Amino acid sequence: MMDSFTSVLSIIEKAREEGRTLLSILVDPDKAAEEHLEKIVESSENQSDIFFVGGSLVTELKLDQTIDGLKKRSKKPVVLFPGSLLQISNKADALLFLTLISGRNPELLIGHHVVAAPMIRKTQLEVMPVGYMLIDGGKPTTASYMSHTSPIPANKPEIAVCTAMAGEMLGLKLLYLDAGSGAENPVSAEIISAVREATDLPIIVGGGIRTAEQAGKAAKAGATVVVVGNALEKDPGRIRELKQAISR
Ligand code: 1GP
């Protein structure tokens, strides 16, 4: 069922080179009942370029089931977006190996990576090193609470820029600007374009993107991947308009 792709990172890097924006649907394993997956994949009608699977707080042991459910219905790559060490599965294609560079929690900068590395080495997963940055989205999110970190203030693009530059200099391959799931305000176009100008890395943007206009703004500002979770859980029918908005 797989599309013949060499690596997920190369798909994202190619989009970056060509100035295209990809759509990623974030699937929360807790909510991934078969009917829900059916609806998500069916409504996506190939509009989703990538599936991310994970969550800041997952309460059910349904990660493998979720990935199986997506894979039997879609050829698109399935990428782990792990909120914790418990969210690793060999059934996915790739793993966002997240380093929370906007925070100062040593466990999320290197601690969990040390614990996970030998396990990941035994899988077939493609490991993608990501500089993960939480940006204030107007209210505390599960991500900021669970990570014991403060997000970068939304009105301080210079902090986001310096953090992103440091991530690039450290050799990370992707940047993820996240306002956190269900954020009131998505990451602003100002922050995205400031980071776009200061670094060459592909930028993933997510958190609180609900409308085609918001998705389009993120794409125009320089996002290479726009991630949408909550809004599509509520209304999978919106996928097509979101995809159109980022493709312009
Ligand atoms: C959160 O970027 C993702 O980590 C997606 O957020 O669920 O608000 O779309 P939403």
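The values are calculated or read from the model by the stated rules, or taken from the named source; none is laboratory data. These figures come from a predicted structure and were not determined experimentally. Because the Cβ atoms are built from the backbone with ideal geometry, glycine has one as well, and the counts that use them run over all protein chains shown. Accessible surface is based on the protein model in full, side chains and every heavy atom, while ligands, DNA and RNA are left aside. Shrake-Rupley method; radii C 1.70, N 1.55, O 1.52, S 1.80 Å.
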Check your understanding: Within segment 1-11, is there a residue that is touching a Ser or Thr at 6+ places or on another chain (Cβ under 6 Å) and either part of a helix (DSSP H, G or I) or surrounded by 13 or more Cβ atoms within 10 Å (Cβ to Cβ) (or both)?
Key -> no
Review point. Does Leu70 satisfy being open to solvent by less than 10 Å² (accessible area, probe 1.4 Å), in contact (Cβ under 8 Å) with a residue 24 or more places away in the chain and either of a type in the set (A, V, I, L, M, F, W, C) or in contact with an Asp or Glu (Cβ under 8 Å, 6 or more places away or on another chain) (or both)?
Key: yes
**Study point:** Qualifying positions in segment 64-89 - more than 16 Å from the ligand (Cβ to nearest atom), farther than 21 Å from Ile12 by Cα and touching a Ser or Thr at 6+ places or on another chain (Cβ under 7 Å)
**Key:** Asp64
Exercise for review: Please name all residue pairs, on different chains or six or more residues apart, with Cβ atoms under 8 Å, provided the first residue is in segment 119-141 and is closer than 17 Å to Leu201 by Cα and the second residue is of a type in the set (A, V, I, L, M) and open to solvent by 60 Å² or more (accessible area, probe 1.4 Å).
Suggested key: Gly131/Leu170
Check your understanding: Does any residue of segment 144-159 turn out to be assigned to a strand (DSSP E or B) and either within 16 Å of the chain's Cα centre (by Cα) or within 13 Å of the ligand (Cβ to nearest atom) (or both)?
Key -> no
**Study point:** Those residues of segment 17-42 which are open to solvent by less than 70 Å² (accessible area, probe 1.4 Å) and farther than 24 Å from Gly55 by Cβ, in sequence order
**Key:** Gly19
Review point. Within the bounds of segment 27-36, is there any residue that is closer than 30 Å to Val195 by Cβ and hydrophobic (A, V, I, L, M, F, W, C)?
Key: yes
Check your understanding: Does any residue of segment 110-126 turn out to be open to solvent by 20 Å² or more (accessible area, probe 1.4 Å), of a type in the set (Val, Ile, Thr) and within 16 Å of the ligand (Cβ to nearest atom)?
Key -> no
Practice item. Go over the candidates Ser193, Ser150 one by one and state the one that is hydroxyl-bearing (Ser, Thr, Tyr) and under 26 Å from Gly19 (Cβ atoms). Key: Ser193
Exercise for review: With the condition kept exactly as written, say whether any residue in segment 137-155 is at pLDDT 95 or above and charged (D, E, K, R).
Suggested key: no
Practice item. Please work out if Ala183 is away from the ligand (no atom under 11 Å from the Cβ) and among the small types (Gly, Ala, Ser). Key: no
